[in-house]
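The values are calculated or read from the model by the stated rules, or taken from the named source; none is laboratory data. Please read all numbers here as calculations on a predicted model, not as lab measurements. Glycine also receives a Cβ, built like all others from the backbone with ideal geometry; neighbour counts cover every protein chain displayed. When the accessible area is computed, the model is the full protein with side chains, heavy atoms only, and any ligands, DNA or RNA have been set aside. Shrake-Rupley method; radii C 1.70, N 1.55, O 1.52, S 1.80 Å.
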Amino acid sequence: MQHVLDYYGVSKEDTYGFGDGTNDIEMIKFAGVGVAMGNAEEPVKAVADFVTADIDDDGIEKALQHFGLI
């Protein structure tokens with residue numbers, strides 16, 4: 001993520017990381033706001049700043065609404 005942020009000149013604090021598997025933990029912890037999907041594994045939810053609805057229940061859209069991004 002840091003390489004992409006550097007390339008585009010975006011601050012880490014302005015990022016959101018969404019995930020549901022343990023392979024997403026590093027990204028969720030790194031992002032300015034880490035979001036776990038409702039269907040995420042418990043270790044993912046434990047490190048997230050926010051837990052949204054399941055992916056099949058429009059979880060990304062609901063999180064974006066929660067944070068006032070849409």
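A compact table of results
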item: Shape category assigned to the chain from the gyration tensor of Cα positions, a/c cut at 1.5; result: oblate
item: Amide H partners (placed H, <5 Å) of residue 54, local residues excluded; result: 38, 39
item: Share of carbon and sulfur in the accessible heavy-atom surface of the chain [1.4 Å probe, %]; result: 49 percent
item: For the chain: accessible area per residue (Å², 1.4 Å); result: 64 Å²
item: Sequence-separation-based contact order of the chain, relative, with Cα cut under 8 Å and 6+ spacing, percent; result: 22 percent
item: Modelled FRET efficiency - R0 30 Å, residue 62 with residue 2, Cβ distances, 0.05 increments; result: 0.60
